[in-house]
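Read through the structure below, which is laid out as structure tokens, and then see the notes.
The values are calculated or read from the model by the stated rules, or taken from the named source; none is laboratory data. Predicted, not measured: the structure shown is a model, and the values here were computed from it. Note that each Cβ is placed from the backbone with ideal geometry, even for glycine, and that neighbours are counted across all protein chains shown. Keep in mind that these areas ignore ligands, DNA and RNA; they rest on the heavy atoms of the full protein, side chains included. Shrake-Rupley method; radii C 1.70, N 1.55, O 1.52, S 1.80 Å.
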Amino acid sequence: GTDLTFRFITFNLGEDFGDLNVFGWGVRHSISQYLKELPVDIALGVYNQSFKVGDIVSANAWLISAQASKRVMLFTFYGGLGYENTKLDLEYTNEEEDVDIAFNLTGQNSIRFTAGITFNFGPAKLNVDYNLASQSVLSVGLGVGIGE
């Protein structure tokens, strides 16, 4: 009833930039396992992603979400509501002009609604979903379900 997600990438971009580091984690827990009479599966999740390039760029994003899904034969219909928070800090020195440059950005997204469908072909999965937010996104994915 609990999914844990981790991602990590690091490599050196050279002496001008330093190391690129990406680290993310997420936890999603099934609520419907405690409420058997619900007609859909419900889960709550918390996710974090950080991105750094040396001492120049630092970005951090959070998502807190509630998700629901229902499998009907070969299809899984799903949707969710989430709260997002994103921040980016950038700071560097333009050595040619000897000027320090720094700025901070905060993402415009705060509430996101997702609706999608997964086509289940045995272990093969094809999903399509749409995220409605200040920056809306249509995504398509292909995956493999292990142990299905």
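Sorted by packing (mean other beta-carbon atoms within 10 Å per residue), highest first, where do 41-54, 130-143, 22-35 land? Show your work: numbers first, answer last.
On the way: 41-54: 16.3, 130-143: 11.6, 22-35: 14.1.
Result, highest mean Cβ count within 10 Å first: 41-54, 22-35, 130-143.
With R₀ set to 41 Å, the beta-carbon distance separating E96 from L126 gives a calculated FRET efficiency near 0.25.
Which one, (i) 17.2; (ii) 11.1; (iii) 10.0, gives mean projected area of the Cα convex hull in nm² as derived from the coordinates shown? Entry (ii). For the range 17-82, the carbon plus sulfur part of the accessible surface works out to 71%, probe radius 1.4 Å. Name the lysines eligible as straight-distance cross-link partners of K87: C-alpha to C-alpha under 21 Å, and not fewer than 8 places from it in the same chain. Output for K87: K52.
Think of a 1.4 Å ball rolled over the protein heavy atoms: the chain then has 70 Å² of accessible area per residue. Compared with the direct C-alpha span, the chain from S50 to W62 gains 3.4 nm at full extension, assuming 0.36 nm per residue. Only Lys, Arg, Asp and Glu carry charge here, each on its Cβ (+1 for the first two, -1 for the last two); on that basis the range 32-148 has a dipole of about 1160 debye about its Cα centre. Most tightly packed first, judged by the mean number of other beta-carbon atoms within 10 Å of their residues, the peptides 62-70, 13-21 read 62-70, 13-21.
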